[in-house]
Amino acid sequence: MSRFTLRVNGQSHKVDVAPDTPLLWVLRDNLGLVGAKFGCGIGQCAACVVHLGGAPIRSCMMPVSAAASADITTIEGLSADGSHALQKAWCELDVAQCGYCQPGQIMSAAALLAHNPNPSDDDIDDAMAGNICRCATYHRIRAGIHKAAEIMAAAKEVRT
Amino acid sequence: MSAILEAPLGRRSFLKIVTMAGGGLVLGYYVRPEARADAAKADVKNAEGSFAPNAFIRIGPDGTVTVYSARPEVGQGIKTSLPMVVAEELGADWGSVKVVSAQLDPVFGPQFAGGSMSTPMDYAVMRKMGATARTILVEAAAQTWGAPAGECVAAGGMVRHTPSGRSIKFGDLVAKASTLPVPAEDSVKLKDPKNFTLLGSRIGGVDNPKVVTGQPLFGIDQTRPGMVYAVYEKSPVWGARPLSANLDQVRALPGVRDAFIIDRTVPENELTGLVPGVAIVADSTWAAFSARRQLKVQWEEGRFPDSSWDDFARQARELANAAPGANNVTEARRDGDLDKAFAGAARVVEASYSYPFISHANLEPQNCLAHVQGDRAEVWAPTQDPEGARRLASKVLGTAPEKVQVNITRIGGGFGRRLDADPVAEAVAISQRVGLPVKLTWNRTDDLQHDHYRPGGFHFLKGAVDSKGGLSAWRSHHVAFGSNMGADDYPARFVPNYLLLNSKLENGIPQGPWRAPGSNTYAWVVCCFLDELARAAGRDPVEFNLALLGDRDLVPGSGARGRPYNASRMRNVVRQVAEKAGWGKPLSRGKGMGLGYYFCHQGYVAEVAEVTVSPKGELRVDRVVAAVDVGSQIVNLSGAENQVQGAIIDGLSAAWLQELDIRQGRVVQANFDDYTMLRMNDAPRAIEVHFIKTDYPPTGLGEPALPPLAPAVYNAIFAATGKRVRQLPLSRTDLSWS
Ligand code: FES
Ligand code: FES
């Protein structure tokens with residue numbers, strides 16, 4: 001066991017875990033942040049996506065020892081109150097079925113929108129190809145990302 | 001199934017008002033006689049001020065309407081749709097409706113989620129519940145005003161006196177309403193569906209805000225104080241017992257609390273409950289996962305250690321050559337004179353179709369949290385059948401079912417897998433041994449290699465068209481691993497000379513329902529072969545299939561329990577889908593349209609797929625159009641469309657990519673790298689869903705939109721390329737053309 005200090009959603013947490021423990025299980029078992037999901041454990045489904053230093057990573061593949069250096073954002077910290085444009089769009093378009101994949105979908109989509117605020121269908125397909133949705137809500141996820149882009153653009157217009 | 005739909009409501013129900021100690025009106029609806037005793041007990045508890053959720057509706061003095069959702073939410077949207085039905089009849093304001101998930105309790109009646117049965121079983125019940133509560137509230141208002149009840153209307157969370165324009169909010173009527181008797185059942189009037197304002201609209205899932213913020217909704221998210229974490233290793237050859245394991249070595253690993261063999265099968269000789277294995281209990285999920293990598297188990301050989309897919313296929317071919325009446329060849333149906341029909345045929349077509357085993361691959365791996373204390377247990381489980389889970393857990397413990405409390409969590413994908421409760425049995429057995437709350441988590445390999453699979457199958461077909469181009473004979477031999485085709489399965493009853501032969505292959509493979517069981521493969525076999533016959537007859541497939549469906553309306557089933565087939569509903573969806581899809585429009589080479597249609601789970605669905613296949617053989621499904629008849633009322637348009645869109649893409653994923661290989665008595669695939677699921681870039685860009693309303697009771701949508709997809713795509717590929725593919729999945733076949 002080793003001690004690590006993690007910065008998650010703006011807060012510091014000390015944990016004492018085996019250094020090879022994937023960040024996913026530290027978040028879920030030690031910190032009680034269960035938004036990131038376990039789907040495959042080998043980087044194939046992206047249910048476990050969180051942001052590390054702003055970039056999307058598969059937390060099931062990232063040993064905690066490698067995650068202690070940068071800021072971590074999970075779905076619980078994407079917005080204070082569920083008001084991120086993607087979260088709003090997801091509710092408005094009723095994207096989820098079972099919902100299990102959706103935190104990972106939203107975190108992947110948030111990373112896409114952060115550098116490409118107006119993605120095309122092809123951009124979306126490329127960026128989201130790592131995320132499996134077993135319930136096959138792909139149609140609505142695509143629409144949800146377009147909707148979130150609109151919401152963000154409208155908000156920007158109001159600000160400027 | 002149809003008996004339930006046709007049963008008069010009154011015979012299986014009674015209503016009761018309970019006054020809550022905290023103030024408020026509770027309407028209990030007890031749908032099974034054996035539930036009455038429990039309900040009576042719950043009433044006493046309420047009188048003492050306990051807040052046990054013993055009923056579907058609760059209206060608080062503040063006007064909040066709480067509706068209990070009794071069926072597990074698997075992603076089918078039931079937690080939103082059934083409360084909408086209650087709210088519609090009640091005249092509630094949807095904004096002040098709070099939906100609460102009920103736990104397993106007899107007062108709620110049947111609580112499983114499977115077979116697309118929740119809507120057909122509960123739609124009428126929920127309407128009646130809402131309507132009864134509304135009748136009482138209206139009466140309370142009428143008495144308050146000294147006005148006739150007939151002049152009062154409930155809507156938007158209040159009762160209005162139409163002539164005077166006065167109104168009272170529901171919350172202010174609660175005290176009075178609680179003192180009124182339950183009206184006689186036949187005095188409760190249901191709303192005219194013409195006046196529905198909520199049903200048929202688009203309502204977002206009630207848990208969406210929690211889903212998008214990562215709240216702990218799912219089974220795998222549950223925790224208890226003092227909880228430990230477990231894994232359970234089973235033999236890759238199904239059902240084989242562990243003979244020995246390096247338990248001492250595993251127990252010494254960091255974070256490991258215990259490791260032990262469980263050498264039981266519950267129920268005996270069955271592969272879908274508790275089976276023997278090795279448990280590791282640790283301080284964290286990762287400690288348990290890590291320790292498992294060091295675990296070494298000697299397994300007994302098992303019953304079918306050498307079975308393989310290739311050998312099953314060989315056996316199937318042998319059976320196909322055997323004559324009717326031979327060993328393991330059963331005649332399930334015979335109509336007319338086949339020999340004569342084939343002899344006099346204008347064209348005869350022979351083909352064999354096959355499909356592999358596939359997995360449910362629920363994205364949330366199987367899991368369960370269980371706490372056994374003495375002869376009692378409490379479990380938190382993502383189960384589609386909480387009652388079944390309770391029964392199995394009680395068998396494992398050797399205790400009465402009442403001693404097992406089941407907490408139903410949200411479910412990360414069901415598709416039928418979670419009608420079986422093997423993970424519950426395992427967690428209970430492990431917790432019983434360690435005496436602590438135990439969270440059992442399967443990894444993806446457990447999930448793929450210990451699924452209860454959608455079985456593979458082989459169909460050997462011979463069909464004839466006569467000189468007029470009509471389908472005159474159909475001979476089919478189904479070689480199955482579990483259930484065979486039924487005597488009435490389509491196109492039986494529509495072909496004058498018809499023979500169905502059935503055989504079963506001996507195997508030791510656990511099987512279970514997978515979204516639209518049976519239908520999910522039969523539709524593909526039947527509609528593809530019909531397409532072959534239509535082409536052989538030189539007829540347009542839509543026209544050929546409409547002619548086959550004939551001019552009868554209700555085609556009776558065989559025998560007392562036979563299910564009728566409503567051919568006019570099917571013709572209607574086939575016509576509609578052809579029209580909406582622009583069937584028959586000219587398409588360039590490499591593009592094509594195909595038709596699939598099927599009746600299952602009381603729904604009539606037809607789909608047309610439009611595909612592009614490049615000369616190199618790359619497939620793109622450009623567009624899918626669906627015409628769906630699930631009766632008179634779509635409950636939640638958003639949820640209903642989501643189910644159809646999802647079924648279409650799920651059907652495509654299975655038809656295109658999914659396949660388990662069996663070698664040396666076990667499944668070869670181990671994770672999503674070798675068991676491929678469809679991803680967004682391969683999902684159709686356009687899906688159009690048309691609901692066709694008919695005069696029949698509303699039925700479920702979880703399943704019936706899936707079966708037509710595979711044949712629609714395969715037939716479209718034929719139209720595009722001239723290639724007839726007769727095996728699933730598509731990824732096995734080179735589609736290139738020149
Ligand atoms: S759980 Fe991390 S990619 Fe699947
Ligand atoms: S909504 Fe169920 S896995 Fe995506």
Expressed as a whole-number percentage, the relative contact order of segment B:373-527 with C-alpha contacts under 8 angstrom and at least six residues apart is 20 percent
Determine, for B:PHE289, B:PHE458, the number of other Cβ atoms within 10 Å of each Cβ, and report the residues in order from fewest to most.
B:PHE289, B:PHE458
Using the Kirkwood radius built from alpha carbon pairs, what does the Stokes-Einstein equation give as D for the protein assembly as shown at 4 °C and 1.567 mPa s, in µm² per second?
44 µm²/s
Relative contact order for chain A, counting Cα pairs under 8 Å that sit 6 or more residues apart, in percent
23 percent
Amide H neighbours of B:SER69 under 5 Å, counting only residues 5+ apart in sequence or on other chains, H built in-plane at 1.01 Å?
B:VAL100, B:SER101, B:ALA102
Based on DSSP, what percent of beta bridges with both residues in the protein assembly as shown are antiparallel, to the nearest 5?
75 percent
Towards the positive end of the charge dipole of segment B:544-584, with charges on Cβ (+1 Lys, Arg; -1 Asp, Glu), say which of B:ALA547, B:ALA578, B:TYR565 has the farthest Cα.
B:TYR565
Whole-Å distance linking the alpha carbon centroid of segment A:100-127 with that of segment A:14-69 is 19 Å
May I ask you to evaluate 6.51 cos²θ - 1.76 cosθ + 1.60, the Karplus curve with θ = phi - 60°, for each residue of segment B:583-596 and list the ³J(HN,Hα) values in order in whole Hz, giving x for glycine and proline?
3, x, 5, x, 10, 6, 4, x, 10, x, 10, x, 10, x
Cα centroid separation, segment B:565-588 to segment B:672-738 (Å)
16 Å
Only counting other Cβ atoms within 10 Å, I'd like B:THR135, B:THR119, B:THR179, B:THR272 sorted with the fewest neighbours first.
B:THR179, B:THR272, B:THR135, B:THR119
Estimated vicinal HN-Hα couplings, Hz - segment B:103-113 in sequence order (Karplus 6.51, -1.76, 1.60; Gly, Pro = x)
8, 5, 7, x, 5, 8, x, x, 10, 7, 10
Helical segments meeting 20 Å axial Cα length and Kyte-Doolittle 0.5 threshold in chain B (DSSP H):
B:519-536
Across 20 Å bins from 0, what is the distribution of all Cα-Cα pair distances for chain B, in whole percents?
16, 44, 33, 7, 0
How charged is the neighbourhood of B:ASP488? Take every other residue with its Cβ under 13 Å from the Cβ of B:ASP488, and add Lys/Arg as +1 and Asp/Glu as -1.
+2
DSSP beta bridges in segment B:260-418 [antiparallel fraction, %, rounded to 5]:
65 percent
Determine the dipole magnitude for segment B:519-653: charges of +1 sit on the beta-carbon of Lys and Arg, -1 on that of Asp and Glu, nothing else is charged, the reference point is the Cα centre, and the result goes in debye to the nearest 20.
140 debye
Roughly what % antiparallel, to the nearest 5, for the DSSP beta bridges in chain B?
75 percent
Expressed in angstrom and rounded, the centroid-to-centroid distance over alpha carbons for segment B:416-461 and segment B:243-307 is 14 Å
Can you compute 3J(HN,Hα) from phi for each residue in segment B:357-374, using the Karplus curve 6.51 cos²θ - 1.76 cosθ + 1.60 with θ = phi - 60°, rounded to whole Hz and x for Gly and Pro?
5, 9, 9, 5, 6, 3, 5, 7, x, 4, 6, 6, 10, 9, 10, 9, 10, x
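We did not get these values from a lab; they are worked out from the coordinates using the rules stated. Keep in mind that this is a model prediction, so the values were computed, not measured. For neighbour counting, all protein chains shown are included, and Cβ atoms are generated from backbone atoms with ideal geometry for every residue, glycine included.
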